[in-house]
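The values are calculated or read from the model by the stated rules, or taken from the named source; none is laboratory data. This is a predicted model, so every value here is computed, not measured. As a convention, Cβ positions derive from the backbone with ideal geometry for all residues, glycine included, and neighbour counts pool all protein chains shown.
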Amino acid sequence: MIKSKRQFPDLLHFASLIEWKLPTLFRTRAKIARAVTIDDLAKIAKRKVPKVVFDYVEGSALDEVSYSRSRQVFNQVEFTAHTLRDVSKIDPTIEIFGKKVDLPILFSPTGYTRFMHHVGEPAVAAVAQENNMIYSLSTMGTTSPSELAEQVPDVRRWFQLYVMQNRKDSMSVIQQAKDSGFEALILTVDTPVSGIRVRDIRNGLTIPPRIRLSTVFAIAMKPVWWLNLFTTKKLEFAAFRGWNKSLVELAAAIFDPSTKFEDVKWLQSVWSGPVIVKGVQNLEDAKELAKLGIAGIILSNHGGRQLEKGPVPLELLPLAVKEIGVDVDIYIDGGVMSGQDAYAAVAMGAKAVFVGRAYLYGIMAGGERGVQKAVEILKRDFINTMALTGARNITEVQKIGAKLRA
Ligand SMILES: Cc1cc2nc3c(=O)[nH]c(=O)nc-3n(C[C@H](O)[C@H](O)[C@H](O)COP(=O)(O)O)c2cc1C
């Protein structure tokens, strides 16, 4: 029988393996630093903000099936792995409109970002700038286009627009984007009416708001969140500052259910830069938009927040790439929670992906620091998957591809 030779325990060696750290007053910072996945950030976020806020971010429409299907499809991805290739140098950069970005991941437009954390849109844009990524500002942003440009002057920025009831109002918003150095317009087309978001209705987060006493108590339990919010500038749709309209009037003005393909043409005629259409959910629409000479489309179901049980963008992607991929940049969003998800979409032909909740969990967890951590996690996974599949650059990622298991 083989016997192990005994020795005195080497406690010093054991101690050297432990990460010794003094307890810190900045516990959230420490937790963010330790987060390994976007889900870890979501868990921190859930403790930091009132339920009404977390539900607004995490929730989607009706039974939330669209969103879970988007997530599920990412679980069906199978990568192709090539070994014995020199992957000591990995280049995840791509060019968008002739300029390099460091990752094929962009920040989705999300309304009301200062509701999630008082630092809001400029903090997200600052992270985008720091990491050479593109930030999209929502029409429903709580920071105006000019404020964003002033605070984060060097970020590459796109502006998300809705065609409004009154085209003159749309023009005034477009003008703000033009004057503030926004490079491209994203026209969101999956919102002829608002989706039915059960969590928000239950929490009273409706237009007009119907906040119940229980929600107020829940908010009171998060003093840091509300103190920060109430001691910084007013929460408002900043692009419409000075309009002097109630929330109900504003909401009625912002969405025009009669928006048509002709409005896309109109937008192309008034905006000299690229126009990208967001919320494309079927092939016919994609082909129609390609005929209009649109610069890009985003296959998206608004993160499951609009039409419930609609198509899953990742499943639509290969068909769209085959039909119009040569003429139009095809982006995709919805349920991207890791760099592997982003890799899968790019390998299946997307130019790049957009992320929404992934960075919103970061901002809720810890402002700009949390968003930076989200980017680090996405980037780490993306580059790691490139190395493990043997792809040294994005051309190789697309050549190697990925498939969905039945
Ligand atoms: C809290 C929140 C607010 C959003 N606001 C907008 C918006 O103002 N305009 C828009 O076009 N899309 C909006 N979206 C949709 C995102 O742009 C994007 O399509 C979606 O978040 C992608 O899914 P993901 O969150 O799973 O990444 C919002 C999404 C969330 C989660």
### Query
Can you tell me which residues in region 45-89 are polar (S, T, N, Q), part of a helix (DSSP H, G or I) and over 17 Å from the mean Cα position of the chain (by Cα)?
72, 75
### Query
Quick one: is residue 189 surrounded by 17 or more Cβ atoms within 10 Å (Cβ to Cβ), farther than 19 Å from residue 240 by Cα and more than 16 Å from the ligand (Cβ to nearest atom)?
no
### Query
Among the residues of region 9-67 satisfying the criterion of being of a type in the set (Asp, Glu) and more than 26 Å from residue 212 (Cβ to Cβ), which is modelled with the lowest pLDDT?
19
### Task
Go over the candidates 251, 286 one by one and state the one that is under 22 Å from residue 169 (Cβ atoms) and not in a strand (DSSP E or B).
251
## Note on the structure
Taking region 153-177 and keeping only residues that are modelled with pLDDT of 95 or more, surrounded by fewer than 22 Cβ atoms within 10 Å (Cβ to Cβ) and assigned to a loop (DSSP other than H, G, I, E, B), one is left with 153, 154
### Flag if residue 146 is under 16 Å from the mean Cα position of the chain (by Cα), at pLDDT 95 or above and either within 17 Å of residue 235 (Cα to Cα) or not in a loop (DSSP other than H, G, I, E, B) (or both)
no
### Pick from region 332-366, criterion more than 10 Å from the ligand (Cβ to nearest atom) and among the hydroxyl-bearing types (Ser, Thr, Tyr), ranking: farthest from residue 47 (Cα to Cα)
343
### Task
Can you work out which of the residues in region 246-286 that are more than 16 Å from residue 161 (Cα to Cα) and surrounded by fewer than 14 Cβ atoms within 10 Å (Cβ to Cβ) is nearest to the ligand (Cβ to nearest atom)?
247
### Query
If we keep just the residues of region 287-329 that are away from the ligand (no atom under 15 Å from the Cβ) and of a type in the set (Gly, Ala, Ser), which is nearest to residue 201 (Cα to Cα)?
320
### Which listed residue is free of Cβ contacts under 8 Å to residues at least 40 places away in the same chain, crowded, with 18+ Cβ neighbours inside 10 Å and not in a helix (DSSP H, G or I), from 298, 294
294
### Selection from region 140-152 of residues that are surrounded by fewer than 20 Cβ atoms within 10 Å (Cβ to Cβ) and within 13 Å of residue 123 (Cα to Cα)
150, 151
### Query
Listed residues 265, 222; which is over 24 Å from the mean Cα position of the chain (by Cα) and free of Cβ contacts under 8 Å to residues at least 60 places away in the same chain?
265
### Task
Go through region 90-117 residue by residue and tally those that are assigned to a loop (DSSP other than H, G, I, E, B) and away from the ligand (no atom under 16 Å from the Cβ).
6
### Message
Looking only at residues that are crowded, with 24+ Cβ neighbours inside 10 Å and not hydrophobic (A, V, I, L, M, F, W, C) in region 327-356, which one is nearest to residue 297 (Cα to Cα)?
### Response
331
